[in-house]
Amino acid sequence: MITTPHVDWFAISTILVLLGASFVALLSAVLVPRSWRRPFAAGVAALGFAGGVVTSVWIYVDSPNGQRVIANSFYRDRWTALAQVALCAVGFVAALVSVEHIPGGRRGSDPARRDDHIGEYFALLLAAVGGMAFIVGSANLMTLFLSLEWFSIALYIMCAIDYDLEGSLEAGLKYLIIGSFGSASLLFGSALVYGATNRIDYEGIAEQVAKLNLSHDTLLVVGLAMLIAGLAFKASAAPFHMWTPDVYEGAPTPVTAFMSAATKIAALFLALRVLNTAFSQEKYLWTWAFAAIAVASLVIGNLAALNQRSVKRMLAYSSVAQAGFLLIGLSTGTPLGARGMAFYLIAYSAAAFGSFAVIAARERELGEPVTLDNLAGFGWERPFLGVALWLFVFSFAGLPVGGGFVGKFYVFSAAYDHGWTWLVIVGVIATLVSLYYYLAIVRAMYMRPSEELRVAPVAGGSPAPERLLHAAVGVALVVSVGTLFAVQPLITIAEHAAAAIPF
Amino acid sequence: MSASDLTTVLICLPIGAAIVVWLLPLSRFATGSLAVLVALIEVALWIEQAARFDYGASGLQNAQKTPWIKDLHVSYHVGEYGFSLFLVGLTVVAMAAAIGYGFWVGRDRPRAYFGLMLFLTGVTVGVFVAQDLLLFYAFFEAMLIPLYVLIGVWGGAGRLGATLKLLLYTMTGSLVMLAAIVVFGLKYGTFDMIASPSSPSRWLFLGFMLAFVIKAPLFPFHGWLPDSYREAPPEVTAVLSGVIAKAGTYGMLRIAITKFPEPTSFYRTAIMALAAASLVYGSMLAFRSADFRGVVAYSSMAASGLIALGLFAGTDLGYTGGVLQMVAHGLISVSLFLIAGAVERRTTTGEFAYLGGMARGRPALATLLMVTGVIALAVPGSAAFAGEFLILGGSYQRAWWWAVIGAAGIVLAAMYMLRLISGVLHEARGPRVGDEAMDLRPGELALVVPLVAVLLALSFWPAGVSGHSFAGNSPTKAVQEQFR
């Protein structure tokens, strides 16, 4: 006899809304006539994400005391809700950008086939966010792995959605293979942890470790290491970042924009919870492990970015480096670090999403990949997008024009507070190195005349109006600059969310 | 509106105007007029503030405080002391002149240009009034952003290299300062400059000082200076050397010396030696420099050395002299760079090899350059002389040989300034000085004459600044009390 657990439907309402919208979008791929398919599916996606934001905000307000629901497999708390709000917001702007930019308008692509798979695309986007919204609330290793695969598979396909493009297919395949490796590592790690503790729920693992005094147990430590590797894969932190530049470069740019923001939110919110809940006894180990990963990401990401000409590739390495900064917050294992990381994630996501969205516009206009050379004059030709990209990269660089400045300040403060002044110094040096390539983007946009360019825009004449893309970039810009000013309200929200994590 | 609100208005008005200029599709003329108007309103607001200021009272005035990041005790805390009031005045006056110059020469892409200049005005005022370390840092960094673009877009042929050098040098200093700020703030539980205690940490002191000596700049941290000063548009160079560089020396006084009394006395000799080296080396480079801007650029480095010498002497005379010299040199350097711009526009070069004999038939140019140059070389009776004399007196009280080096600096100043004046105005007529090279036009006169007039006024009454910079005219006490 199988006893069904009590289901708290409200706790998973965000996920249900997203899945419902995904289902409708998928049906539209067959039921809605081709000419209506794009606006219909996009509208459904936008509604779904807006609904997701509403339900998650509701959950946030309604769940001041976190609890586990549905047979202790899912957390209904503010940490989950905050991550879900951020994820749905990223999904929303990604849907806006995708309307005009999926598939990307490269030279030689057949305009008649543009709408072939648009319904499926939006369904996948909704499903991916649904999976991410699930993983951030997962309460045991089973739901963790299932939701990880759930959103990963959606992302694999989204990367390859421009299937008449070699780069896109390559990106999808590469992500699939390396991503599977990451998933496998995570799964194996979970098995080892289960082997050591005989439990799969995070709190049970911690209990068991404390009770049986397992904190030096080899099986557990190896399992933890493999779990960390799996999570670092998803967060694209070095040395598990090898897929990042290729995938980010090859994937359709709106997908890249979405991934750069959303996967980091999901992976890092999850990582912070798992480590502090299930492995609180191993803090002495994983704080150092993540500090090492943070340093590796800062060094490798920044140094590799210096040498790139392709802007997408450079921004991909920059996202590796940014993962390093975010992980500084995580590695401290303190509430200060947690809220710093959550804050930084919001500021980072806005800037990361926005910068890739701007690149999408330029790519469309040129019909070829954007490099530092063909970015020349962009700032003067498209003032709004130029200024936006300028502010985004300066926010990455930690200049006081965006939340990146406060975010860096916060993670450095957390590191110092934890007694790791050396990590502050590493972060400062990394910031300095990163300036070189962030400035290269600004230099390319503003300081080189576009007459140097030999490429003409695809269609000639003035670029398409792209109102939705402008709206999405505008939202990202407001968030990016707004996080510089409205620090305290956001920190309070993050603080309340982090109160759900047992430090 | 109370005088306290004015402090915030002085920051926000130009930034708001910048946003307006960026957003509204105004014509070139409308944009320029709006920018000049806002710059003049800034000057008027400052005069209003200066008139209401209580120069006898100790402690912060015109203060405003609002929490920014309560979590870590960071606040938007601004306010003024006597000396910061004068530096704000220097900023608004210099920026008004620079914006006017940009309008006069008709910079292309006017909306971007004037927006950036206005933004620069706001954040520079912010540096001089911020009373919270993180806020100070934010403004300190924010100055770089418009400067970077102003030099990178409107600069000369070598602008890309110059901007890169400028940014990498100054950001190195600032980021180290950020680390120092984080450590300082968390260690003492507040980022407020007034509430926080003084610190004995030498590492933190050095972290702050690195940012300031690069910004000032002092030898051997001046690598960015020649390129930036040469490649930037003249009015931007004027602001860079006249105002932005003063943020470095202001930081030394307000943060390094005030918050770190023990490390200051520990490193006093070393820093004074660097300052003296900057003074002598900068003066010699200025003397050897082949062009107008080079002379003024290196003389700024010498001036920074002199100011630092005065501040780190740690005596009453040294502090007041340092502040007076900051203001006086700021005005001198803005005037000289604007004149340099005028000369370059007429002859397409600043190199002495192609210049000379410009005095004949150009009385206004000759008079203004002569007057400014003579003030700059610290002829007795000039504002710069008053400042240098106070600094020499102050450093003499520390040890006599500092005064000897300082006096050597004055002799060198006479040498390079006279060389500059004769190289441009006198001697044989240079090959690039054509008959069509006109005298200063009314527009240019309207920019430079007020600056020179202020300088002359300051020469007659240096006590206007030196006697009003510190409460009760006893800077040492004010510094010891950390300006509370």
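The values are calculated or read from the model by the stated rules, or taken from the named source; none is laboratory data. None of the values given here were measured: they were computed from a predicted structure. Here the Cβ positions follow ideal geometry from the backbone for every residue, glycine too, while neighbour counts run over all protein chains shown.
Of the residues that make up region B:228-244, is at least one among the basic types (Lys, Arg), under 29 Å from B:Asp132 (Cβ atoms) and either touching an Asp or Glu at 6+ places or on another chain (Cβ under 7 Å) or part of a helix (DSSP H, G or I) (or both)? Checking region B:228-244: not a single residue is among the basic types (Lys, Arg), under 29 Å from B:Asp132 (Cβ atoms) and either touching an Asp or Glu at 6+ places or on another chain (Cβ under 7 Å) or part of a helix (DSSP H, G or I) (or both). Are any residues in region A:419-439 touching a residue at least 12 places away in the same chain (Cβ under 8 Å), at the interface with chain B (Cβ under 7 Å from one of its Cβ atoms) and among the β-branched types (Val, Ile, Thr), and if so, which ones? Across region A:419-439, the qualifying residues are A:Val424, A:Val428, A:Thr431. Count of region A:385-396 residues, restricted to those that are more than 9 Å from chain B (Cβ to nearest Cβ) and in contact with a Gly (Cβ under 8 Å, 6 or more places away or on another chain), is 7. For first residues located in region A:491-503 and closer than 17 Å to A:Ile265 by Cβ and within 12 Å of chain B (Cβ to nearest Cβ), partners that are surrounded by fewer than 19 Cβ atoms within 10 Å (Cβ to Cβ) and at pLDDT 90 or above and lie 6+ apart or on another chain with Cβ distances below 6 Å form the pairs A:Ala498/A:Pro335. It is to be established whether one or more residues within region B:376-395 are on the phi > 0 side of the Ramachandran plot and not hydroxyl-bearing (Ser, Thr, Tyr). Yes, that holds for at least one residue.
Is it the case that B:Ala142 is in contact with a helix residue (DSSP H, G or I) (Cβ under 8 Å, 6 or more places away or on another chain) and away from chain A (no Cβ under 11 Å)? Before the answer, list the steps.
Details: in contact with a helix residue (DSSP H, G or I) (Cβ under 8 Å, 6 or more places away or on another chain): yes; away from chain A (no Cβ under 11 Å): no.
It is false that B:Ala142 is in contact with a helix residue (DSSP H, G or I) (Cβ under 8 Å, 6 or more places away or on another chain) and away from chain A (no Cβ under 11 Å).
Only one of the numbered conditions (1) of a type in the set (Val, Ile, Thr); (2) modelled with pLDDT of 90 or more; (3) crowded, with 17+ Cβ neighbours inside 10 Å is not met by B:Ile69, and that is (2).
Among the residues of region B:290-317, which ones are of a type outside the set (A, V, I, L, M) and not in a helix (DSSP H, G or I)? Can you show your working first?
Pass one, region B:290-317, residues of a type outside the set (A, V, I, L, M): B:291-294, B:298-300, B:304-305, B:310, B:312, B:314-316.
Residues satisfying the conditions are B:Asp291, B:Gly314, B:Thr315.
Sub-7 Å Cβ pairs linking a first residue in region B:347-374 that is at negative phi and charged (D, E, K, R) to a second residue that is modelled with pLDDT of 85 or more and crowded, with 18+ Cβ neighbours inside 10 Å, at least 6 apart or interchain, are B:Glu351/B:Asp291, ordered by first then second residue. Among the residues examined, B:Ala157 does not qualify as outside any helix (DSSP H, G or I) and without any contact (Cβ under 8 Å) to a residue 24 or more places away in the chain.
Taking A:Glu381 as the residue in question, decide whether it is away from chain B (no Cβ under 14 Å) and among the acidic types (Asp, Glu). Write out each step before concluding.
On the way: away from chain B (no Cβ under 14 Å): no; among the acidic types (Asp, Glu): yes.
So A:Glu381 does not fit the description; no.
Within region B:318-345, residues that are in contact (Cβ under 8 Å) with a residue 40 or more places away in the chain sit with their Cβ atoms under 8 Å from residues that are of a type in the set (Asp, Glu), at 6+ positions apart or across chains, in these pairs: B:Gly321/B:Glu388; B:Gln325/B:Glu388; B:Phe337/B:Glu235; B:Leu338/B:Glu235; B:Leu338/B:Glu444; B:Gly341/B:Glu235; B:Ala342/B:Glu444. Reported count of residues in region B:57-101, each being more than 14 Å from chain A (Cβ to nearest Cβ), closer than 20 Å to B:Arg254 by Cβ and not charged (D, E, K, R), is 24. Scan region A:307-327 and tell me whether some residue there is in a helix (DSSP H, G or I) and farther than 19 Å from A:Ala350 by Cα. No: region A:307-327 contains no residue that is in a helix (DSSP H, G or I) and farther than 19 Å from A:Ala350 by Cα. Taking (1) part of a helix (DSSP H, G or I); (2) farther than 22 Å from A:Phe356 by Cα; (3) in contact (Cβ under 8 Å) with a residue 60 or more places away in the chain in turn, A:Val17 satisfies each apart from (3).
Go over the candidates A:Phe40, A:Phe23, A:Phe74 one by one and state the one that is in contact with a Gly (Cβ under 6 Å, 6 or more places away or on another chain), within 25 Å of A:Phe258 (Cα to Cα) and modelled with pLDDT of 90 or more. After ruling out the rest, the residue left standing is A:Phe74.
Picking from residues in region B:160-170 that are facing chain A (nearest Cβ under 9 Å) and surrounded by fewer than 23 Cβ atoms within 10 Å (Cβ to Cβ), the one that is nearest to B:Gly106 (Cα to Cα) is B:Leu160. Is it the case that B:Ile181 is within 30 Å of B:Leu317 (Cβ to Cβ) and not basic (Lys, Arg)? No, not satisfied.
For region B:1-114, list the helices (runs of 4 or more DSSP H) that sit wholly inside it and hold at least 2 residues that are within 30 Å of A:Leu490 (Cα to Cα) and among the hydroxyl-bearing types (Ser, Thr, Tyr); which are they? Reasoning before the result, please.
Working: elements: B:3-23, B:28-52, B:82-105.
It comes to B:3-23.
Candidates are the residues of region A:397-418 that are part of a loop (DSSP other than H, G, I, E, B) and within 7 Å of chain B (Cβ to nearest Cβ); the one that is surrounded by the fewest Cβ atoms within 10 Å (Cβ to Cβ) is A:Val401.
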